[in-house]
Every structure is written in structure tokens, then in C-alpha cells.
Amino acid sequence: MIERLKETGGVAFGFKVVGKLLDEELKAFEPQLEFFIAQHKKHPIGILVDLTEMHGAEWKARWDDLRFLQKHTSHIARMAVVGAHRWEELVELFTAGAAVLQSETRYFESSEIQHAWQWARTAKHAEDAPVHLISPATGIWKDYRPEFVGV
């Protein structure tokens with residue numbers, strides 16, 4: 001199951017995956033994210049993905065996720081991944097998606113979700129927040145610095 005998080009707003013969209021990610025659930029959820037992206041065409045967005053309750057994914061869902069990210073790479077500036085697993089374990093899972101996305105992707109422990117939201121919204125993080133980089137920004141986002149906060 002995929003659910004949109006209530007903290008979604010401004011320039012950050014958040015969602016949580018519960019259980020095993022199925023392709024039909026991903027396809028049913030994509031229009032919500034596409035609508036959010038369309039509303040922010042002039043400003044790139046940040047995405048927060050909460051995987052604390054995710055238990056795997058179908059290969060077709062992973063493939064379709066990569067396809068979706070590739071389609072929207074010019075609209076997504078950064079991604080915060082929140083998980084209950086060791087961040088090193090998620091690097092393998094997200095490296096391919098982050099490379100396709102070309103945005104900076106960072107991992108946050110489940111206890112750091114407020115830091116994750118701050119980073120997804122502003123590309124800034126608290127001084128005391130640990131930084132677990134999954135993938136650096138490449139392509140069009142390599143030198144991007146948000147010129148706005150809280151739009």
C-alpha cells in the first residue's frame with residue numbers, strides 16, 4: 001500500500017510504502033505525484049519516501065518506478081529516503097533510481113523524519129543531523145541551489 005503523507009505541501013511531496021510494493025498500487029498512486037509535479041512546474045520539488053514499513057517490491061514495480069523517475073527527472077531536485085534498515089542496505093536499492101533521477105538522494109533514520117522533511121523542502125539540514133548520501137546530484141541538478149523556501 002502507498003499512502004500520501006499529510007505533511008505534503010509547499011514544494012515537498014511525501015509518501016509511505018507499507019508492505020510489499022506492488023505494481024498496480026504504484027500505477028494507481030502515480031497520478032497524485034504527477035498532479036503535484038504539474039502544480040509546481042516552475043519550481044523543482046523535493047520528495048520524501050518513508051520506507052520504514054516496506055517489505056520488498058515486485059520487480060515490475062521497481063522497473064515502473066525507474067520509468068516514472070526518468071520521465072520526471074527535470075522536476076525533482078532532491079529525494080529524502082526514510083527507512084528502518086541500515087542506510088547502506090538501501091543504497092543498492094536506490095542507486096539505480098537516483099542515477100536515473102539525477103537528483104541528490106539522502107537517507108534518514110526513522111527517528112530523523114523531521115530532518116528529512118526539512119531537507120526535502122529546503123535542501124538544508126540541521127547542523128546536528130547526520131548526512132547519509134545515497135547519490136549526489138548529477139546532470140541538471142549538480143549545481144542547483146534553491147532560490148526559494150516554503151513556496
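Collect the residues in the stretch 1-30 that are open to solvent by 30 Å² or more (accessible area, probe 1.4 Å), part of a helix (DSSP H, G or I) and out of contact with any strand residue (DSSP E or B) (no Cβ under 7 Å at 6 or more places or on another chain), keeping them in residue-number order. Of everything in the stretch 1-30, those that are open to solvent by 30 Å² or more (accessible area, probe 1.4 Å), part of a helix (DSSP H, G or I) and out of contact with any strand residue (DSSP E or B) (no Cβ under 7 Å at 6 or more places or on another chain) turn out to be Glu24, Lys27, Ala28. Return a yes/no flag: does the stretch 50-63 have any residue that is buried (at least 20 other Cβ atoms within 10 Å of the Cβ), touching a residue at least 60 places away in the same chain (Cβ under 8 Å) and in a strand (DSSP E or B). Scanning the stretch 50-63, I find at least one residue that is buried (at least 20 other Cβ atoms within 10 Å of the Cβ), touching a residue at least 60 places away in the same chain (Cβ under 8 Å) and in a strand (DSSP E or B), so the answer is yes.
From the list Leu33, Leu69, the one residue that fits, being in contact with a strand residue (DSSP E or B) (Cβ under 8 Å, 6 or more places away or on another chain), open to solvent by less than 20 Å² (accessible area, probe 1.4 Å) and modelled with pLDDT under 90, is Leu69. Residues being of a type in the set (A, V, I, L, M) and part of a strand (DSSP E or B): count how many of those fall in the stretch 31-46. Adding up the residues that qualify gives 1. Among residues of the stretch 111-135 being at pLDDT 70 or above and among the hydroxyl-bearing types (Ser, Thr, Tyr), the one that is farthest from Val82 (Cα to Cα) is Thr122. Please list, ordered by first then second residue, the pairs with beta carbon atoms under 6 Å, 6 or more apart or interchain, first in the stretch 1-12 and over 19 Å from Met54 (Cα atoms), second open to solvent by 40 Å² or more (accessible area, probe 1.4 Å) and of a type outside the set (Lys, Arg). Every condition considered, the pairs that remain are Gly10/Gly150; Val11/His43; Val11/Val151.
The values are calculated or read from the model by the stated rules, or taken from the named source; none is laboratory data. This one's a predicted model, so the numbers in the text were calculated from it and none came from an experiment. Cβ coordinates were reconstructed from backbone atoms using ideal geometry, including for glycine residues, and neighbour counts include every protein chain displayed. Keep in mind that these areas ignore ligands, DNA and RNA; they rest on the heavy atoms of the full protein, side chains included. Shrake-Rupley method; radii C 1.70, N 1.55, O 1.52, S 1.80 Å.
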